[in-house]
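Any read-out appearing in this document is the output of simple, stated calculations on the displayed coordinates, not a laboratory observation. Because the structure is a prediction, the values reported are computed rather than measured. For neighbour counting, all protein chains shown are included, and Cβ atoms are generated from backbone atoms with ideal geometry for every residue, glycine included.
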Amino acid sequence: QVQLVESGGGLVQTGGSLRLSCATSGSFFSFNGMGWYRQVPGKQRELAATVTGGGSTNYADSVKGRFTISRDTVKNTVYLQMNDLKPEDTAVYYCAAWKSGITYWGKGTVVTVSS
């Protein structure tokens, strides 16, 4: 059973920073990739950033230059460093991991950016 546990969400002012963490129950390399998605109530879940097993990264245009995804393959943890946060970044952030055509999700962590 794959488990993804997020942490690091919270309340921050505009321009502030947060770092999200996602710890997996298995090896990072057992997945084809991992990433962070976010969702605002009433809207679809959207991509924030992903990283493949080979280390390639991908970012939504809205977070490029502000967010950085990274991984610690020893700790089997993926991070999302979020800088210069804006009120529109307010959302529930979900960790995801995928392999063999299946996507696994964490329960989410709430990020609130006050103006």
message: Please list, ordered by residue number, the strands (runs of 3 or more DSSP E) wholly in region 1-105 having 3 or more residues that are of a type in the set (S, T, N, Q) and crowded, with 19+ Cβ neighbours inside 10 Å.
response: none
query: What are the pairs, 6+ residues apart or on separate chains, where a residue within region 52-67 that is more than 14 Å from Gln81 (Cα to Cα) and in contact (Cβ under 8 Å) with a residue 24 or more places away in the chain has its Cβ under 7 Å from a residue that is polar (S, T, N, Q) and surrounded by 10 or more Cβ atoms within 10 Å (Cβ to Cβ)?
result: Gly53/Asn32
Sole exception among (1) free of Cβ contacts under 8 Å to residues at least 12 places away in the same chain; (2) in contact with a Leu (Cβ under 8 Å, 6 or more places away or on another chain) for Gly101, by number: (2)
